[in-house]
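Worksheet: one structure, shown below.
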Amino acid sequence: MSAEVEVRRASDAFYAALTRMGNGVTGTMTDVWSHGPQVTAMHPIGGRTVGRDAILASFDQVAAVSANAVIGIVDQNLHVLGDMAYELGVETGRLTLAGHEVVIDQRVTNIYRREAGGWKMVHHHSDTSPAMLDVLRRLQQP
């Protein structure tokens, strides 16, 4: 199997895990993220998360308040460079976040590294989502 096919499978696994997370299931990211110490994520609510444990916890926090998700990637542009690969695209879909319907439509960059057992995510960066930020503001209001 070619490296590009393997990375596409890793991407498919990530978006399947993201959809399960958006349906309230915790622990979905365990198998798709690298065990390396310098993994990073820049989520659609802003900020930067560094380290596997912090990233897995951040996805589990979202799972705790999410339901009814369908999330995928379109306009996928994937490149393999040795033991590293990156994909660009647009995350699309929807989910219910803390009782509020959110439409997902943001640019994304994902970086994968070949590790023992296959390709794993080392970085996920999506555009900031005004819809998700609006939900967070509503939750913070007294």
>> Given the criterion at positive phi, assigned to a strand (DSSP E or B) and either at pLDDT 95 or above or not charged (D, E, K, R) (or both), identify the matching residue among Asn110, Asn68.
In response: Asn68
> What do you reckon, is Ser34 crowded, with 16+ Cβ neighbours inside 10 Å, within 19 Å of Leu133 (Cβ to Cβ), hydroxyl-bearing (Ser, Thr, Tyr) and out of contact with any Cys (no Cβ under 7 Å at 6 or more places or on another chain)?
Replying inline: no
>> Among the residues of segment 126-138, are any crowded, with 17+ Cβ neighbours inside 10 Å, touching a residue at least 40 places away in the same chain (Cβ under 8 Å), touching a helix residue (DSSP H, G or I) at 6+ places or on another chain (Cβ under 6 Å) and under 20 Å from Gln38 (Cβ atoms)?
In response: no
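So that you can scan it fast, the table gives a plain yes or no per residue for (1) surrounded by fewer than 17 Cβ atoms within 10 Å (Cβ to Cβ); (2) out of contact with any Pro (no Cβ under 7 Å at 6 or more places or on another chain); (3) under 23 Å from Ala54 (Cα atoms):
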position	(1), (2), (3)
Val74	yes, yes, no
Gly82	yes, yes, no
Tyr86	yes, yes, yes
Gly93	no, yes, no
Asn110	no, yes, yes
Gly117	yes, yes, yes
Met121	no, yes, yes
> When Asp83 is evaluated against the numbered criteria (1) in contact with a Ser or Thr (Cβ under 8 Å, 6 or more places away or on another chain); (2) under 13 Å from Glu4 (Cα atoms), which criterion, by number, is the only one it fails?
Replying inline: (1)
> Taking into account only those residues within segment 37-52 that are modelled with pLDDT under 95 and at positive phi, which is surrounded by the fewest Cβ atoms within 10 Å (Cβ to Cβ)?
Replying inline: Gly47
>> When the residues of segment 53-65 are narrowed to those that are part of a helix (DSSP H, G or I) and in contact (Cβ under 8 Å) with a residue 24 or more places away in the chain, which ends up surrounded by the fewest Cβ atoms within 10 Å (Cβ to Cβ)?
In response: Asp60
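The values are calculated or read from the model by the stated rules, or taken from the named source; none is laboratory data. Everything numeric here is computed off the predicted structure, so don't read it as measured data. As a convention, Cβ positions derive from the backbone with ideal geometry for all residues, glycine included, and neighbour counts pool all protein chains shown.
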